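Accompanying notes for the structure given below.
The values are calculated or read from the model by the stated rules, or taken from the named source; none is laboratory data. Owing to the predicted nature of the structure, the values given are computational and were not obtained by experimental measurement. Glycine also receives a Cβ, built like all others from the backbone with ideal geometry; neighbour counts cover every protein chain displayed.
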């Protein structure tokens, strides 16, 4: 059994602690099959909290923060990188800001790795990644205008 204090600490790292504690039964609240009563972002953050508590050595995150706003995503991603630093972490992301602080990035095109390196190396040396980054930033700007 995981101590309540550890659960609350992890919920804080994914910005769910206040929300969970505001529920009628707190940590004992049933959220329905597959978290049906939660929003997409809440489900993603709850799944990440479970990853933090799990001791798997290899973790694959596929669009794990896609339903989060940019501010929450940045907060949660910094905690993912920090909390899971001792494990092998593979992150699949289309929002490139998500992977800005990882050790190594692989850019794929037509199912082939066409470049790899740190974020700065990729911006500097990979025209394809640079193009993706600019398109991504423009999309983020449009999202900010829409919301």
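Using the structure shown, decide if residue 96 is modelled with pLDDT under 90 and closer than 30 Å to residue 137 by Cβ.
Answer is yes for this residue.
Filter the stretch 40-64 down to the residues that are in a loop (DSSP other than H, G, I, E, B) and at pLDDT 90 or above, then identify the one that is surrounded by the most Cβ atoms within 10 Å (Cβ to Cβ).
In this case the residue turns out to be 64.
What about residue 2, is it assigned to a loop (DSSP other than H, G, I, E, B) and either at pLDDT below 95 or touching a helix residue (DSSP H, G or I) at 6+ places or on another chain (Cβ under 9 Å) (or both)?
Yes: the conditions hold for residue 2.
Within the stretch 58-69, is even one residue on the phi > 0 side of the Ramachandran plot and without any contact (Cβ under 8 Å) to a residue 60 or more places away in the chain? Walk me through it before giving the result.
Filtering the stretch 58-69 for residues on the phi > 0 side of the Ramachandran plot gives 63.
Next cut, without any contact (Cβ under 8 Å) to a residue 60 or more places away in the chain only: 63.
Checked against the condition, which is being on the phi > 0 side of the Ramachandran plot and without any contact (Cβ under 8 Å) to a residue 60 or more places away in the chain, the stretch 58-69 yields at least one hit.
Would the stretch 71-79 turn up any residue that is surrounded by fewer than 18 Cβ atoms within 10 Å (Cβ to Cβ), free of Cβ contacts under 8 Å to residues at least 60 places away in the same chain and more than 28 Å from residue 131 (Cα to Cα)?
No; the residues of the stretch 71-79 include none that is surrounded by fewer than 18 Cβ atoms within 10 Å (Cβ to Cβ), free of Cβ contacts under 8 Å to residues at least 60 places away in the same chain and more than 28 Å from residue 131 (Cα to Cα).
Looking at the stretch 23-36, can you tell me whether even one residue there is assigned to a loop (DSSP other than H, G, I, E, B) and either within 20 Å of residue 133 (Cβ to Cβ) or under 17 Å from the mean Cα position of the chain (by Cα) (or both)?
Looking through the stretch 23-36, none of the residues is assigned to a loop (DSSP other than H, G, I, E, B) and either within 20 Å of residue 133 (Cβ to Cβ) or under 17 Å from the mean Cα position of the chain (by Cα) (or both).
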